[in-house]
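Novice: Sending over a structure as structure tokens; questions will come in a sec.
The values are calculated or read from the model by the stated rules, or taken from the named source; none is laboratory data. Predicted, not measured: the structure shown is a model, and the values here were computed from it. Heads up, the Cβs are rebuilt from the backbone with ideal geometry, glycines too, and the neighbour counts pull from every protein chain shown. The area values use the complete protein model at the heavy-atom level, side chains included, leaving out ligands, DNA and RNA. Shrake-Rupley method; radii C 1.70, N 1.55, O 1.52, S 1.80 Å.
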Amino acid sequence: MSFRSEPDPSLSRSTLAQDVSAALRDVPDFPEPGIVFKDFTPLLADAVLSGRVVDDLADRHRGGVDIVAGIEARGFVFGAATAYALAVPFVPIRKAGKLPSATHRVDYDLEYGSATLEMHTDAVKPGQRVLLVDDVLATGGTAAATVELLRRAEATVVAVEVILELAFLSGRDAVPDVVVRALLTS
Ligand code: AMP
């Protein structure tokens, strides 16, 4: 007779969140005064913990997505690894002028000035289910611009997944009609 029970998924996710929280480094006043930069490199340096993050992401979307899209540059890391884990293609969302072929372009506002994101026009086919991955959700401007890019390609955005959401910036309000999931919230 065994008393072993199935692992509680919510418990393991909260343990994962605690471990990831401990692995992120706050860098005050980077890249400019007043910003506390969330440095993911200590997490990336921990191969086992990084693998747990990818498994957690992939397990939630197995069978439910056709493509993973990642936002330049840190969204490429966990996005590409999640695409590999799910055995689906990876699509890079890049800053202006980096992609060599025909692109969809979306301009969006930053706190000071504006920026442009691009995606190859042949990267996603109409109706494909896309999971969007990035490291941090701050104001949500980047996520909203990427959702707009994907919709121009007539994709279905399944969810926006981030490792960390800076809740005080209300970024999820910028993508009100999309499921947003964060491993950690601060
Ligand atoms: P936002 O468009 O304001 O949601 O900003 C999100 C993008 O900026 C993400 O791609 C993040 O990589 C980056 N970002 C914003 N704030 C931070 C922060 N405090 N630490 C690290 N990355 C950040």
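Novice: Report, in degrees rounded to the nearest 10, the 0 to 90 angle that the Cα long axis of helix 47-61 makes with the longest principal axis of the chain.
Specialist: 70 degrees
Novice: Could you tell me how many degrees, from 0 to 90 and to the nearest 10, lie between the Cα long axis of helix 141-152 and the main elongation axis, the longest principal axis, of the Cα atoms of the chain?
Specialist: 70 degrees
Novice: Quick check: at a probe of 1.4 Å, how many percent of the accessible area of the stretch 64-185 sits on carbon and sulfur atoms?
Specialist: Using a 1.4 Å probe with all protein chains present, the stretch 64-185 comes out at 51 percent carbon and sulfur.
Novice: Order the peptides 84-90, 13-19, 71-77 from the highest to the lowest mean number of other Cβ atoms within 10 Å of their residues.
Specialist: 71-77, 84-90, 13-19
Novice: How much accessible area per residue does the chain have, counting only protein heavy atoms and a probe of 1.4 Å, in square angstrom?
Specialist: That works out to 54 Å² for each residue.
Novice: List the lysines whose Cα lies under 21 Å from the Cα of residue 38, skipping any in the same chain that are fewer than 8 positions away.
Specialist: List returned: 95.
Novice: Which angle between 0 and 90 degrees, to the nearest 10, do you get for helix 9-23 versus the longest principal axis of the chain when only C-alpha atoms count?
Specialist: Here the helix axis deviates by roughly 70 degrees.
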